[in-house]
Amino acid sequence: MSSLNLTKTTGLFFSPFSVLNGAVKSWICVALLGQWMFAVYILGLYAIPLIVGLTEQSAAVSPASGHTKDAKVFFSHVLPAVILATSGLLQLIPAVRKRFPRFPRFHRYNGRVFFILGISGALTGLYLTWVTGLRLSDVGAIGITLNGILIPIAIFFAWRAAIQKNIAAHQRYAVRSFFLVNGVWTFRLYLFGWYMVNQGFNGNTATLDGPVDIFISFACYLLPMALAELYFWAKRQTKASAPVWIIAVMMSLGFVITAIGVCAAAIMMWWPRISAVFFS
């Protein structure tokens, strides 16, 4: 997969490139924290109960627990998220690859694992949504369904670009693949961040088909990909300009939104559900 990197030198002490670079690094840090917290959540809610034999607890959190086949698909969809969450974002950090001589090999193999698990997650997610009926509403599931359809497409183009040694194209498609694979994770961040800011529902419904729910179901992957495209554009610029400043501010707002979402998801979803399994 690719890396996010921005190195620009200007005569300005405080330039849009420095703001943009700081925003990207801050976003990576908070996203990495959120991804690892999500990995702990998956381990605590699904993996550990299965391993230690807490079958009642693990079945209680599986929406497909009533059907053996569907339950297996559900867990095969959820449990690989631990690997995706713990190692996926490392693909985007150039400093890691530069600091460790053997990291380029890790980057290749980790990218292949990410791609394979990403496609598997997309296919099992579509199966659970439309075959087993694991959805709250048809309209509310459209955005995430498009997300699942786009995942294998983006991964194919990222893989093809890597085979063709087209590094620039590989970077762009790999970043798109990353945001698409993490679309459901981002959906939860945006949704619970919205709940926290509004102190409850505002344009939401219990079946996730309210106007804000539908907007977030598309924005959770389209917005990060749009920001990534703006970032790549800014990276190609040679001098500070008003558009670069605008992009730097937008990236900073993206970091703030992600930080709020991570805090909200941890407080309102991840910790309460883990504590309900182990401390109830």
Would you check if ALA240 is in contact (Cβ under 8 Å) with a residue 40 or more places away in the chain and within 16 Å of the chain's Cα centre (by Cα)?
no
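Collect the residues in segment 128-137 that are without any contact (Cβ under 8 Å) to a residue 12 or more places away in the chain and either hydrophobic (A, V, I, L, M, F, W, C) or under 14 Å from THR205 (Cα atoms) (or both), keeping them in residue-number order. Walk me through it before giving the result.
Residues of segment 128-137 without any contact (Cβ under 8 Å) to a residue 12 or more places away in the chain: 131, 133, 135.
Once the filter is applied, which keeps residues that are without any contact (Cβ under 8 Å) to a residue 12 or more places away in the chain and either hydrophobic (A, V, I, L, M, F, W, C) or under 14 Å from THR205 (Cα atoms) (or both), segment 128-137 yields VAL131, ARG135.
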For segment 175-189, the count of residues that are open to solvent by 40 Å² or more (accessible area, probe 1.4 Å) and of a type in the set (Ser, Thr, Tyr) equals 0
Exactly one of GLY193, GLY148 is without any contact (Cβ under 8 Å) to a residue 60 or more places away in the chain, of a type in the set (Gly, Ala, Ser) and buried (at least 21 other Cβ atoms within 10 Å of the Cβ), and that one is GLY148
Per the filter on segment 244-280, residues over 18 Å from PHE38 (Cα atoms) and touching a Phe, Trp or Tyr at 6+ places or on another chain (Cβ under 8 Å) are VAL244, ILE247, ALA248, MET251, GLY254
Among residues of segment 76-103 being modelled with pLDDT under 70 and in a helix (DSSP H, G or I), the residue most open to solvent (accessible area, probe 1.4 Å) is ARG99
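Within segment 217-233, restricting attention to residues that are among the aliphatic types (A, V, I, L, M) and out of contact with any Ser or Thr (no Cβ under 9 Å at 6 or more places or on another chain), which residue is surrounded by the fewest Cβ atoms within 10 Å (Cβ to Cβ)? Steps first, answer last, please.
Restricting attention to segment 217-233, the residues satisfying the condition of being among the aliphatic types (A, V, I, L, M) are 219, 222-223, 225-228, 230.
If we keep only those that are out of contact with any Ser or Thr (no Cβ under 9 Å at 6 or more places or on another chain) as well, we get 222, 225-228, 230.
On the way: LEU222: 17, MET225: 19, ALA226: 14, LEU227: 19, ALA228: 21, LEU230: 19.
Restricting to residues being among the aliphatic types (A, V, I, L, M) and out of contact with any Ser or Thr (no Cβ under 9 Å at 6 or more places or on another chain), the top hit is ALA226.
The values are calculated or read from the model by the stated rules, or taken from the named source; none is laboratory data. Worth saying up front: this structure is predicted, and the values here are computed from it rather than measured. A quick note on method: Cβ atoms are made from the backbone with ideal geometry, for glycine too, and the neighbour counts reach across all protein chains shown. For the accessible areas, the whole protein counts, side chains as well, though only heavy atoms, and no ligand, DNA or RNA atoms are used. Shrake-Rupley method; radii C 1.70, N 1.55, O 1.52, S 1.80 Å.
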